[in-house]
Amino acid sequence: MTGTIQTIGVIGAGQMGSGIAQVAAQAGFDILMQDISAERVESAMATIDGNMARQTEKDAISEPDRMAAMKRISAAKGMAGLAEADMVIETATEDETVKRKIFAELCPLLQPEAILATNTSSISITRLASTTDRPERFIGIHFMNPVPKMELVEVIRGIATEDETFETSKAFVAKLGKTVAVSEDFPAFMVNRILLPMINEAIYTLYEGVGSVEGIDTAMRLGAHHPMGPLQLADFIGLDTCLSIMQVLYEGLADSKYRPCPLLVKYVEAGWLGRKTNRGFYDYRGEVPVPTR
């Protein structure tokens, strides 16, 4: 059953897509990367090569293994280039409309038995599956960021997901050397349902003037032994992603405790999305990040 998965299609050549492609190639799978921009696929492959080169320098992987893994990754020529994939993992932006559009274009091109997975961090698997031609072969496989370093993967089945799809997906994740956490299909699943309200509360703490950016992050790093302060972490995740997950929680569970902080909304409206735009709760344009409030 699980032996049928050999070729993995990855849609989206951003941070998540390139991370998934890297770990899957290192685990011996053949990878087809697709993105609306061919330049992004080239850039992702250069990033993967650089990441693995650093692992080689640290003796984490051998040079022959690095070269073999790179040979397993190739660019798919459009959506049609994914036709031979046994499993396709979609890692597009956290926007349901975008994901639905991708599935509508992709499904007619896939083999009937191919598994379709989404890396969504918060959107209903059941609802996404219902828009495809294969709800029984549709599943949520949510990787954590950065993919090569993080040990956990959430696996989420929709109402229609068949046992075979579920078992094959869990075996695939195990082959990557990751630990599976099975989550029920409720808004934001497990990790983000706990993590994002904490980040949102940290933003409220800033918004209400209880503490400064530096004070809040230092308090949680040293007072709760978090490796990164919540505002620093928000910048790392991307404030737009934080906001979209909080909106999914707020709309999906209809509880005021999930209301996105107005300050988070303001930062996103300003285009200050964190590290990827060089400004968020910190300004990253100098040598050392400086709090923006």
Exercise for review: Hey, can you tell me all the residues within the range 245-266 that are assigned to a helix (DSSP H, G or I) and either surrounded by fewer than 21 Cβ atoms within 10 Å (Cβ to Cβ) or aromatic (Phe, Trp, Tyr) (or both)?
Suggested key: GLN247, TYR250, GLU251, GLY252, LEU253, SER256, LYS257, TYR258, PRO262, LEU263, VAL265, LYS266
Review point. Tell me, which residue of the range 168-192 that is in a loop (DSSP other than H, G, I, E, B) and touching a helix residue (DSSP H, G or I) at 6+ places or on another chain (Cβ under 6 Å) is surrounded by the most Cβ atoms within 10 Å (Cβ to Cβ)?
Key: ALA188
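Let's see how each residue does on (1) of a type in the set (Asp, Glu); (2) more than 13 Å from MET246 (Cα to Cα):
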residue: VAL180; (1), (2): no, yes
residue: SER183; (1), (2): no, yes
residue: MET190; (1), (2): no, yes
residue: ILE194; (1), (2): no, no
residue: ASN200; (1), (2): no, no
residue: THR205; (1), (2): no, yes
residue: GLY209; (1), (2): no, yes
residue: GLU214; (1), (2): yes, yes
Review point. What number of residues within the range 86-106 satisfy the criterion of being of a type in the set (A, V, I, L, M), closer than 21 Å to GLN15 by Cα and buried (at least 16 other Cβ atoms within 10 Å of the Cβ)?
Key: 5
Review point. Are there any pairs, at least 6 apart or on different chains, whose C-beta atoms fall under 7 Å, with the first in the range 18-45 and crowded, with 20+ Cβ neighbours inside 10 Å and the second assigned to a helix (DSSP H, G or I) and not hydrophobic (A, V, I, L, M, F, W, C), and if so, which?
Key: SER18/THR47; GLN22/ASN51; LEU32/GLY81; MET33/GLY17; GLN34/GLY81; ALA44/GLY17; ALA44/SER18
**Study point:** Complete set of residues in the range 5-36 that are in a helix (DSSP H, G or I) and either hydrophobic (A, V, I, L, M, F, W, C) or not assigned by TED's automatic domain parsing to the domain that holds VAL153 (or both)
**Key:** MET16, ILE20, ALA21, VAL23, ALA24, ALA25
Point to revise | Boolean, ALA80 is surrounded by fewer than 22 Cβ atoms within 10 Å (Cβ to Cβ) and either touching a helix residue (DSSP H, G or I) at 6+ places or on another chain (Cβ under 6 Å) or at pLDDT 95 or above (or both) | key: yes
Review point. Would the range 153-160 turn up any residue that is in contact with a Leu (Cβ under 8 Å, 6 or more places away or on another chain) and closer than 20 Å to GLU113 by Cβ?
Key: yes
Check your understanding: Any residue in the range 99-112 that is under 19 Å from PHE166 (Cα atoms), without any contact (Cβ under 8 Å) to a residue 24 or more places away in the chain and outside the structural domain of ASP240 (by TED's automatic domain parsing)?
Key -> yes
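Inside the range 56-167, counting only strands (runs of 3 or more DSSP E) that do not spill past its ends, which hold 2 or more residues that are under 30 Å from PRO197 (Cβ atoms)?
Qualifying strands (runs of 3 or more DSSP E): 87-90, 115-118, 138-143, 152-157.
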Practice item. Would you please list the contacts, defined by Cβ atoms under 6 Å and residues six or more apart or on different chains, that run from a residue in the range 67-78 that is assigned by TED's automatic domain parsing to the domain that holds VAL23 to a residue that is among the hydrophobic types (A, V, I, L, M, F, W, C) and outside any strand (DSSP E or B)? Key: ALA69/ALA25; ARG72/ALA25; ILE73/ALA21; ILE73/ALA25; ALA75/VAL41; ALA76/LEU82
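Per-residue answers, yes or no, for (1) on the phi > 0 side of the Ramachandran plot; (2) not hydroxyl-bearing (Ser, Thr, Tyr):
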residue	(1), (2)
MET190	no, yes
ALA254	yes, yes
PRO260	no, yes
LEU263	no, yes
TYR267	no, no
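The values are calculated or read from the model by the stated rules, or taken from the named source; none is laboratory data. Keep in mind that what you see is a predicted model, and the values were worked out from it rather than measured. Here Cβ is always computed from backbone atoms with ideal geometry, including for glycine, and neighbour counts include all displayed protein chains.
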